[in-house]
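Asker: Sharing a structure, written as structure tokens. Questions coming.
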Amino acid sequence: MIGTLVNMGTIVAGSLIGGMVKKVLKEEYSQGLFIAMGLAAFGLGINTVVQNMPDSNYPVLFIASLALGTLTGTVLKIDERVNNLTSKQKDGGKLWQAIVTVSLIFCVGTLSILGPVQSALYHDHTFLFTNAMLDFVTSMVFASTYGIGMVLAAGILFLWQGSIYGITMLLGDFITDNMMTELSIVGGFLILSSGLAILNIKDCKTLNMLPALIVPVIWCAIMG
């Protein structure tokens, strides 16, 4: 778990630094950063999908995942419940949208998925240490736009990587190449969806779509 703790620590540090920078930014600069972060998420989402789509062994799995996941999230009213919790806070909705976006960027990637596996099986933290440096910069930039609340993404990353680490310790090399590919495709679409929301183009209610990430894991585990 050393690699995950280091990764989490860099996100906390980046968020604190970025949060302090935000206090001295003028409104026009903050708005410019909002647009930049929206475009970055949009581009990362497209890139993730395009990179992984050719390697998919189940070409329609992402469609089923998005459909089933979004339906489940809508029935559970995830987006509505989170918005109700943050409605009394200034810009609370934007903050949670940003936390979801940056958490997806942190968690849905080769380094963040394979890192805990390498750490659990071989005590090799190279992937996670590399990921930590990337996440430090990302969290700092996002926090300079949305504030110190981005530190909450560190907790989400800990739960994600900690779960992968624990499952790997119990079941061995549970994360297969197929699973990682399919998970990355679905995650790419969710990052893309978040980018659209940040840019105020279309609110796809990405929070309701989060259960879609579970479908590829279950499917690939069964097929594997």
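The values are calculated or read from the model by the stated rules, or taken from the named source; none is laboratory data. Note that the coordinates shown come from a computational prediction; the quantities given were computed from them, not determined experimentally. Note: ideal-geometry Cβ built from the backbone for every residue, glycine included; neighbour counts use all protein chains shown. Each accessible area value is taken on the protein alone, full model and side chains, heavy atoms only, with ligands, DNA and RNA left out. Shrake-Rupley method; radii C 1.70, N 1.55, O 1.52, S 1.80 Å.
Asker: What is the extension gain from MET133 to GLN51, computed as 0.36 nm multiplied by their sequence separation minus the C-alpha to C-alpha distance, in nm to one decimal?
Answerer: Taking MET133 through GLN51 to full extension adds about 27.3 nm, to one decimal.
Asker: Related question: Using a 1.4 Å probe on the protein heavy atoms only, what accessible surface does LEU76 show? Give it in Å² to the nearest 10.
Answerer: Spelled out: LEU76, probe radius 1.4 Å, area about 90 Å².
Asker: Rounded to the nearest 500, what is the 222 nm mean residue ellipticity of the chain from helices alone, with -39500 (n - 2.57) per DSSP H run of 4+ residues and division by all residues?
Answerer: Calculated mean residue ellipticity at 222 nm is -26500 deg cm²/dmol.
Asker: To test your reading of the geometry: what angle, between 0 and 90 degrees and rounded to tens, separates the Cα axis of helix 27-52 from the longest principal axis of the chain?
Answerer: The helix 27-52 is inclined about 10 degrees to the chain.
Asker: Say a site is exposed when it is one of the trypsin sites (Lys or Arg not before Pro), sits in a DSSP loop, and has at most 15 other Cβ atoms within 10 Å; what is then the longest site-free stretch of the chain? Before the final figure, lay out the partial values.
Answerer: Working: sites that count: LYS23, LYS26, LYS77, LYS88, LYS90, LYS202.
That would be 91-201.
Asker: Considering the alpha-carbon set of segment 46-175 alone, what are its Rg and its Dmax in angstrom?
Answerer: Radius of gyration, then largest Cα-Cα span, for segment 46-175: 16.7, 47 Å.
Asker: To the nearest 20 debye, what is the magnitude of the charge dipole of the chain about its Cα centre, counting +1 on the Cβ of each Lys and Arg and -1 on the Cβ of each Asp and Glu?
Answerer: The calculation lands at about 740 debye.
Asker: Okay, next question. If you average 1/r over every pair of different alpha-carbon atoms in the chain and take one over that average, what Kirkwood value in Å do you get?
Answerer: By the Kirkwood definition, the hydrodynamic radius is 17.7 Å.
Asker: ASN84 versus LEU39, label points 7 Å from Cα toward the beta carbon: distance in nm?
Answerer: Using points 7 Å along Cα→Cβ, the separation is 3.8 nm.
Asker: Also, I was wondering about something else. Calculate the tail of P(r) for segment 165-215: the fraction of all Cα-Cα distances greater than 14 Å, expressed in %.
Answerer: Counting pairs separated by more than 14 Å, the tail of P(r) holds 60 percent.
Asker: Which value, in Å² rounded to 10, gives the accessible area of ASP135 with a 1.4 Å probe and all protein chains present?
Answerer: Only protein atoms counted, so the area is about 10 Å².
Asker: Let me ask something additional. As an exercise, use a Förster radius of 30 Å and the Cβ-Cβ distance of LEU121 and ILE222 to find the FRET efficiency, rounded to the nearest 0.05.
Answerer: Working from the Cβ atoms, E equals 0.85.
Asker: Separate question: Could you report segment 1-118's accessible area per residue, 1.4 Å probe, as an integer in Å²?
Answerer: For segment 1-118, the per-residue accessible area is 54 Å².
Asker: So how much slack lies between LEU25 and ALA64, counting 0.36 nm per residue of separation and subtracting their Cα-Cα distance, in nm?
Answerer: Answer, rounded to one decimal: 9.7 nm.
Asker: Also, I was wondering about something else. Using alpha carbons only, how many degrees (0 to 90, rounded to 10) separate the axis of helix 110-122 from the longest principal axis of the chain?
Answerer: With both axes taken from Cα atoms, the answer is about 50 degrees.
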